[in-house]
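Right, one structure below, let's go through it.
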Amino acid sequence: MRRLLVLVGISAPWMLAAQRTAPAKSCNLELHNYDSTTTLAIKMSSGQYNSFYGRGVRGRCTNSDQRIAGDSLEAIGDTKSYTIIGNAHYTEKRVTLDADRIYYYEVEERLVAEGNVVTTTDKGTRMRGPRAEYFRAIPGSRPLSRLVATGRPVTRLSPADAGGGTKDTVELVADNMVNVGDSLVYAGGNVIITRPDLKSASDSATMDSGTEWARLIGRPRVDGLGKSKFSLVGKVIDLWSKQRKLERVLSADSARAVSEDVTLASDTIDLRLVDQQLSRAYAWGRSGAHAHTSDRDIEADSIDVLMPGQLIRELHALRRALATSRTDSTKFTSSENDWLKGDTIVALFDSTRAAGDSAAKPTIKSILATGSASSFYQVASSQGVKAAPNMNYVKGKAITVAFGADRTVGTVSVREQASGVYLELSAPDTAKADSSADGAKEAKSKGGKAAPVNPATKTPGTKSPSNQVPASTPIKKP
């Protein structure tokens, strides 16, 4: 038994060594002439040859799938490096590389391409630029290939469709780009990404084609290119796609989203898309969330906007919600805004459009406030546009404000624990005013003095009680 243990102990290192991946061998390059090829070989003191080929040359690695070709070639024996000049071409299973000049360093398995560089991978990614450096994947040493391009290259990250078009193509333009394993892409310097559904700009970007995720950093901005436009900004923006169709856009830190119907601002904004159109939007953060429409503003700790087909249908404001609406100056004169408060506010919009009316905007139908709700609304007075409005202030457990077709307040309904006040501007009593004036004239004609007039009752001979508010005194909001 003891001898068996010793044998096992001795044989174990050999077994482990057999399981290790054998070190990769560099390319064993063989060069082949055309009938027109001219050659010159110079033997160096090291015993290696420096060879020069002209009028066309090609070569292949006998131990790999690598192939090279060009108008002329310089081969340096000591360093095992090759310079392909004129119509330089390199290919292997994973990538094809064309340029005016290619430097191939056999020991490092590294290529440097210069001048009119075009690279195409087996996954369909295509890059054009002035310079690129390609590092081959080496089993056991370099598991993933890497392509580094500088000089503001243009990269198409998705193949063309079956018809030869570019329907699903993602185009990336940046000062520099690194492509790892034809899956991870890192871009820096004025990055522009264009897709069929959006266009983005940022200082840097990271893209993972395997998970269809991308991150934009440094003044990022995303603009929707669908029928209904939208834009999103922030300090960091993440994008998720499925089958090359954008489904989610998340903006963190100082986020702001603008669509045709609503503008959202908050610490974080999460946009969801269906068929390249906004379908839902979430906004939240420590600084709260703010939604702005054409005629009102809504603030809360968080906001949830339902907008199927990018037409706003519902807006939910949660916790410490406040909705303010701008008054119509054509109906009355007021410097105050109407407002509605509650723990939660739900606004409903009429998002239906008439056939062929693509420019119609959703109109507000009603707003519901629940939980310690209160509201202040102004109503046009019967005394005309230049007069102050009538005022309605109510409190309750739930308040529903319904709007008419002209977007003005129609009814205000209060449910449970209702209380409030309605203040209406009274019309001036011309009859009493005339009689008071006549009395004053009569007293003056008899050599007497006019009696004092009570400003509340407009009757002469009595003083205003101390608790009576004159009609001309401005009324403040409760």
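What follows is calculated from the coordinates using simple rules that are stated; it is not laboratory data. Note that the coordinates shown come from a computational prediction; the quantities given were computed from them, not determined experimentally. No Cβ is skipped: glycine too gets one built from the backbone with ideal geometry, and neighbour counts run over all protein chains shown.
I'd like the trypsin sites (Lys or Arg not before Pro) in the stretch 55-123 restricted to DSSP loop residues with at most 12 other Cβ atoms within 10 Å, sorted by number. Before the final figure, lay out each step's value.
Numbers: sites: Arg55, Arg58, Arg60, Arg67, Lys80, Lys93, Arg94, Arg101, Arg110, Lys123; in loops: Arg55, Lys80, Lys93, Arg94, Lys123.
Of the trypsin sites (Lys or Arg not before Pro), the ones in loops of the stretch 55-123 whose Cβ has at most 12 other Cβ atoms within 10 Å are Lys93.
Any idea how far the Cα center of the stretch 55-114 sits from the one of the stretch 235-279, in Å?
Cα centroid to Cα centroid, the span is 45 Å.
Specify, per residue and in Å³, the volume enclosed by the convex hull of the alpha carbon atoms belonging to the stretch 110-247.
Enclosed volume per residue, from the Cα hull, is 111 Å³.
When Asp78, Asp98, Asp261 are ordered from fewest to most other Cβ atoms inside 10 Å of their Cβ, what list results? Before the final figure, lay out the partial values.
On the way: Asp78 12, Asp98 18, Asp261 21.
Ranking Asp78, Asp98, Asp261 by Cβ neighbours within 10 Å, fewest first, gives Asp78, Asp98, Asp261.
Any chance you could list the semi-axes, whole Å, largest first, of the equivalent ellipsoid that the Cα gyration tensor gives for the stretch 272-393, using √(5λ)?
Over the Cα atoms of the stretch 272-393, the ellipsoid semi-axes are 28, 21, 11 Å.
What is the list of residues in the stretch 269-287 whose amide nitrogen lies under 14 Å from a point 7 angstrom out from the Cα of Lys245, following Cα to Cβ?
It comes to 273-279, nothing else.
Kindly provide the pair-distance distribution of the stretch 361-409 built from C-alpha pairs, with 10 Å bins from 0 and whole-percent values in order of increasing distance.
The calculated distribution, bin by bin, is 23, 42, 30, 5.
Using alpha-carbon pairs under 8 Å, 6+ residues apart, how would you state the relative contact order of the stretch 315-427 in percent?
Values: 264 pairs, mean separation 25.2, N = 113.
Relative contact order of the stretch 315-427: 22 percent.
Going through the stretch 80-136, which chymotrypsin sites (Phe, Trp or Tyr not before Pro) have at most 10 other Cβ atoms within 10 Å and a DSSP loop state? Can you show the working numbers first?
Details: sites: Tyr82, Tyr90, Tyr103, Tyr104, Tyr105, Tyr134, Phe135; in loops: none.
Passing both the DSSP loop test and the Cβ count: no residue.
Within a 10 angstrom radius of the beta carbon, how do Met44, Met307 rank from fewest other beta carbons to most? List each step's numbers first, then the result.
On the way: Met44 11, Met307 26.
Sorted ascending by nearby Cβ count, the order is Met44, Met307.
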